[in-house]
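S.K.: There's a structure below that I have some questions on.
The values are calculated or read from the model by the stated rules, or taken from the named source; none is laboratory data. Here the structure is a predicted model, which means the values were calculated and not measured. Please note: Cβ atoms are built from the backbone with ideal geometry, for glycine as well, and neighbour counts cover all protein chains shown.
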Amino acid sequence: MSKQDGPDLDKVRAWVERLAAFVSEEWGLPPITGRVLGWLMVCDPPEQTAADLAAAIGASRASLTSNMHLLTSIRLVRKLRKPGDRNVYYQIEDDAWSKVIRQKLAAFTAFDDLAAEGLRLGWTDEAQTRRIRSARTSIAALALVLDRAATEEGP
């Protein structure tokens, strides 16, 4: 971060570490991936070279390579080039978080389809399908909440 007016850099780095822990624990991604995402959310300028990222999050350039490939392949981060500059820059996609949400929703939809298939297997005892029906009810409730949120204006 190049601006002097803003939060203390140590506090920013501590926040990036908490985000990295979350990404690692909740999404099963390496902590360095979370550090990259966290840093790209708050850095100034918003586009960073691999060297910038390595210095900011304390990672080796080599360890960044596979993580940057992952983040660009799932389109959370994009590569940029500037005219007359040989460096490759990375920037978080403007719609990165809506992409994450859409991916999770697609996974829930696929799971709901499998649950519906499970209900059609010919069960004779309703108690045997209770957990499947519970999963479908929870997914339907989540879909309602997200549908309502999609029709409201954001913050």
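S.K.: So S60 fits all but one of (1) among the hydroxyl-bearing types (S, T, Y); (2) over 19 Å from the mean Cα position of the chain (by Cα); (3) modelled with pLDDT of 95 or more; what number is the exception?
M.R.: Going through (1) among the hydroxyl-bearing types (S, T, Y); (2) over 19 Å from the mean Cα position of the chain (by Cα); (3) modelled with pLDDT of 95 or more one by one, S60 breaks only (3).
S.K.: I'm trying to understand the selection: among the residues of the stretch 95-152, which are part of a loop (DSSP other than H, G, I, E, B), more than 21 Å from W27 (Cβ to Cβ) and not hydrophobic (A, V, I, L, M, F, W, C)?
M.R.: Hits for the stretch 95-152 are R120, G122, T124, D125, E152.
S.K.: To continue, here is another question. Is it the case that T65 is assigned to a helix (DSSP H, G or I), hydroxyl-bearing (S, T, Y), within 30 Å of E17 (Cα to Cα) and at pLDDT 90 or above?
M.R.: Here the answer is yes, as T65 does meet what is asked.
S.K.: Being in contact with a strand residue (DSSP E or B) (Cβ under 7 Å, 6 or more places away or on another chain), surrounded by fewer than 20 Cβ atoms within 10 Å (Cβ to Cβ) and among the hydrophobic types (A, V, I, L, M, F, W, C) is the filter here, so list the residues in the stretch 2-49 that pass it.
M.R.: M41
S.K.: Starting from the stretch 29-45, take each residue that is farther than 12 Å from N67 by Cβ and list its partners that are among the basic types (K, R), counting only C-beta distances under 7 angstrom and pairs at least six apart or across chains.
M.R.: Between residues of the stretch 29-45 that are farther than 12 Å from N67 by Cβ and residues that are among the basic types (K, R), the close pairs are D44/K3.
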